[in-house]
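The values are calculated or read from the model by the stated rules, or taken from the named source; none is laboratory data. Computed from a predicted structure; not experimentally measured. Glycine also receives a Cβ, built like all others from the backbone with ideal geometry; neighbour counts cover every protein chain displayed.
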Amino acid sequence: MESTERFGNRADAYTRGRPTYPQAIVAHLEQAGMLNPGATVVDLGVGTGLSAEPFLQRGYSVIGVEPNAAMRAAGDEQLRRHANYRSVAGTAEATTLPAGAADLVIAGQAFHWFDPERAAAEVRRLLRPAGAAALIWNDRQSTGTAFLSGYEALLREHGIDYEKVSHRHVDADAIERFFAPARCEVAYFDNPRRLDREALVSLVGSASYMPAAGDPRHAPMMAALDALFDAHAENGAVQMLYRTRLHYARMN
């Protein structure tokens, strides 16, 4: 399946299941001089708007670029309370936006679907002088507790192409090619999340590498997920540990 089509039937689950991003990433970029008052942020692969939200809450204008119509519509609905947000149909390699439209270009949990060199060229076209780019991931911790290890085992057993997709999240060479010749800085932020059963189901349902409802592999996966939750839930929830990873550099 094309990367731009993978999430078309998962927008609702994505909105309800995926982790948010900590405000600390915005504060860090401000302190590093990558964001100034009145800046415009372009969010590549904005999806349902999770990565745009902390920038909007801080008062920045955000333009979301999203090729998937269902995800883009979900993001428009999610962020409609923010007057300083708008979205366009486009890709990281061809945003449809005019040159010099951005002070900062970001991608949250989306860069691994991009062509690094073509996306970098588009980012440089979009950025104003002294503009910067930031790549952001919520990295799920796969070890450390019995629940985290069990969840990782479930993904590996029931995922369709989990191994292939998961390896793309840590492609250091692609990140280097994107920022080159600049050298990016890296920062990390703890981002834990408590999930009730419904939220955990939504999280699994948001993953393009897991079988969707109607797939014969879906029922066995759901049975395993219920068993995992029942074995490890405390006070009606399990704790999923994320570490938010931020790569950033000036590119213009």
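The table for this structure:
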item	result
Tabulated pairs, the stretch 173-186, first over 19 Å from Glu30 (Cα atoms), second among the acidic types (Asp, Glu) and not in a loop (DSSP other than H, G, I, E, B), C-beta under 8 angstrom, 6+ apart or interchain	Arg177/Glu117; Phe178/Glu117
Qualifying residue in the stretch 157-167 (condition: in a loop (DSSP other than H, G, I, E, B), of a type in the set (D, E, K, R) and more than 25 Å from Met222 (Cα to Cα))	no
Residues that are in contact (Cβ under 8 Å) with a residue 60 or more places away in the chain and aromatic (Phe, Trp, Tyr), drawn from the stretch 227-252	Tyr242, Tyr248
Among the candidates Arg72, Arg128, residue that is without any contact (Cβ under 8 Å) to a residue 60 or more places away in the chain, closer than 24 Å to Val26 by Cα, out of contact with any Cys (no Cβ under 9 Å at 6 or more places or on another chain) and not in a loop (DSSP other than H, G, I, E, B)	Arg72
Lone qualifier among Ala213, Ala182, Ala199, Ala223 - being more than 20 Å from the chain's Cα centre (by Cα) and part of a helix (DSSP H, G or I)	Ala223
Selected residue (criterion: surrounded by the most Cβ atoms within 10 Å (Cβ to Cβ)) from residues of the stretch 73-93 that are farther than 18 Å from Tyr60 by Cα and at pLDDT below 95	Ala74
Some residue of the stretch 109-121 being among the aliphatic types (A, V, I, L, M), touching a strand residue (DSSP E or B) at 6+ places or on another chain (Cβ under 9 Å) and free of Cβ contacts under 8 Å to residues at least 60 places away in the same chain	no
Test result for Glu117, farther than 11 Å from Val41 by Cα, in contact with a Lys or Arg (Cβ under 8 Å, 6 or more places away or on another chain), surrounded by fewer than 21 Cβ atoms within 10 Å (Cβ to Cβ) and modelled with pLDDT under 95	yes
Qualifying residues in the stretch 225-252 (those that are aliphatic (A, V, I, L, M) and surrounded by fewer than 16 Cβ atoms within 10 Å (Cβ to Cβ)) - the one farthest from Tyr162 (Cα to Cα)	Ala231
Residue match in the stretch 51-58 (condition: touching a Lys or Arg at 6+ places or on another chain (Cβ under 9 Å) and either modelled with pLDDT under 95 or outside any helix (DSSP H, G or I) (or both))	no
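Yes/no matrix, rows are residues, columns are (1) more than 22 Å from Arg243 (Cβ to Cβ); (2) crowded, with 16+ Cβ neighbours inside 10 Å; (3) among the aliphatic types (A, V, I, L, M):
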| residue | (1), (2), (3) |
| --- | --- |
| Gly108 | no, yes, no |
| Pro129 | yes, no, no |
| Ile136 | no, yes, yes |
| Asp139 | no, no, no |
| Phe147 | no, yes, no |
| Val186 | no, no, yes |
| Leu195 | no, yes, yes |
